[in-house]
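Data first, discussion second: the structure below is written as structure tokens.
Read-outs throughout are calculated quantities, based only on the coordinates presented, and are distinct from any laboratory measurement. This structure is a prediction, so every number in the text was calculated from the model and none was measured. Ideal geometry is used to build each Cβ from the backbone, glycine not excepted, and the neighbour counts take in all protein chains shown.
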Amino acid sequence: MAYDDDTTLGGTGARTRAVHGGTRRSQWGEVSEAIFLTQGFVYDSAEAAEARFQECGPDEFIYARYGNPTVRMFEDRIAQLEGAEDAFATASGMAAVNGALTSILKAGDRVVSARALFGSCIYILESILGRYGVEVVFVDGTDLDAWREAVTPETTAVFLETISNPALEVVDLPAVSAIAREAGALTIVDNVFATPVYSRAVEQGADLVIYSTTKHIDGQGRALGGVILGSREMIRGQIEPYMKHTGGSMSPFTAWLMLKGLETLDLRVRAQAENARAMAQAISGDPRLARVIHPALPDHPQAETAQTLTGGECTLLAIDLAGGQEAAFRFLNALKVMVISNNLGDAKSIVTHPATTTHQRLSDEQKETLGITPGLIRISAGIEDTADLIADLRAALDAV
Ligand SMILES: *Cc1c(COP(=O)(O)O)cnc(C)c1O
């Protein structure tokens, strides 16, 4: 079967690439990307099978754990959006984080990581890597002096979330990647909160960029997925062999969902970012709130860095109710439009109480250093009408 590779289609704008990038059409000329729900591929002859195993061309496949046409379309499309040479799609965001770290690390290596991370990332760094002899040092990601001190010449990699979950700390990626490069270390970035729409992570020095595609890229709460992006040499030389032999590859059906998600990503994420900003501005200064956190608010401690990273855009905000957990629960229970859950980046606005759910496992001390107070609520803005969201927020605050 021959496919037309439409990757070179006319336009180079982000929305054009998000709709057309990576498309491979079969002889049927289908409009919507085909789902190749096949685990394997038939060879014309024994010689052809032998040749394929000796050298697998860029549009040739052997087994779905190694690669699949639908998955490859997704990988090419997101690589074009991110401005990366190549990508490997994974079964979940955590398969991507684990794969990116484990494929390049070995016993005796040293990793320096920002400490404000997604809960499962903390588990990998804190509880797994150490068992295999990797030293992991945590620093305050917003403190450049701390990075300079910790990133010794023995450091293999630095790891960070550009905008952290849930307290929205912003790390100065260009500065940290420069520190890493000088020490000969790789920069690995979990870039979920920046999104491919606003990210400039590759040009700002990231060697590997990771997304949980479960979040904005699916954006409709349907499936788990992840992706690792980087140079062709790293993706095909180090990441692919590790992922394809350890079983963390994305399924063709998931890749199809994610391809369709990419088509509307730009529209959804811009609408979400507008809603998040409008909500933050509408309630900033309310006396019932100890803090309103959004990178575009002038009192955000890293407001300037956020400008460099994403133009100050973020689809999430966090609020800290002055009345603590009791007030936070009353607020959550009074909401009518926004739903209580723990996903983010969805078309639906989602509210989360990190201290009792996503970050429940952390010690009180860890919660305090990460700014996860009893009154903290994370709000992932959806694409609903801005006025409805602000009215929902105001009514719930009145119910507190
Ligand atoms: C959700 C998330 C992950 C994990 O992704 P899954 O798809 O749930 O495995 C990792 N990092 C960040 C920042 C996330 O938000």
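Computed from backbone phi with θ = phi - 60° and the Karplus coefficients 6.51, -1.76 and 1.60, the 3J(HN,Hα) list for segment 145-162 is 5, 5, 4, 4, 6, 7, 7, 7, x, 7, 6, 8, 8, 10, 10, 7, 9, 4 Hz; x is used for glycine and proline. Legend: P(r) of segment 266-399 from all alpha carbon pair distances, 10 Å bins from 0, whole percents, reading 13, 45, 36, 6.
Charge tally for residue 147 (other residues, Cβ to Cβ under 10 Å; Lys, Arg +1; Asp, Glu -1): -4. Modelled this way, with points 7 Å down the Cα-to-C-beta line, the labels at residue 182 and residue 364 are 4.0 nm from one another. Cross-link pairs exceeding 32 Å in C-alpha to C-alpha distance, out of 260/367; 215/336; 244/348; 336/367; 106/367, comprise 260/367; 244/348. Taking the 0 to 90 degree range and rounding to the nearest ten, how far is the long axis of helix 252-283 tilted relative to the main principal axis of the chain, both from C-alpha atoms? So the inclination is approximately 20 degrees. Listed values for segment 114-121 are Karplus-derived 3J(HN,Hα) couplings in whole Hz (6.51 cos²θ - 1.76 cosθ + 1.60, θ = phi - 60°), namely 5, 8, 7, 9, 4, x, 5, 5, and x replaces Gly and Pro. For segment 255-325, evaluate the Debye formula with one uniform point scatterer on each Cα (no solvent term) and list log10 I(q)/I(0) at q = 0.17 Å⁻¹, rounded to two decimals. The computed values of log10 I(q)/I(0) come out as -0.69. Taking each residue as 0.36 nm, the span from residue 34 to residue 60 lengthens on full extension beyond its C-alpha to C-alpha distance by 7.7 nm. Gain on full extension, evaluated as 0.36 nm per residue between residue 152 and residue 132 minus their Cα-Cα distance, stands at 5.2 nm.
Residue-wise HN-Hα couplings along segment 71-86, as the Karplus relation 6.51 cos²θ - 1.76 cosθ + 1.60 with θ = phi - 60° gives them from phi, are 5, 5, 4, 5, 4, 5, 5, 6, 4, 5, 5, 7, x, 9, 5, 7 Hz; Gly and Pro carry x. Axis angle, to the nearest 10 degrees, between helix 173-182 and the longest C-alpha principal axis of the chain: 60 degrees. Can you give the angle from 0 to 90° between the axis of helix 324-334 and the longest principal axis of the chain, with both taken from C-alpha atoms, to the nearest 10? With rounding to tens, the tilt is 70 degrees.
Subtracting the Cα-Cα distance of residue 385 and residue 307 from 0.36 nm times their residue separation leaves 25.5 nm of extension gain.
Placing unit charges on the Cβ atoms of the charged side chains and taking the dipole of the chain about its Cα centre, the candidate lying farthest along the positive direction among 105, 357, 265 is 357. The rule of thumb for compact globular proteins, 2.2 N^0.38 Å, goes into the C-alpha radius of gyration of the chain 1.01 times.
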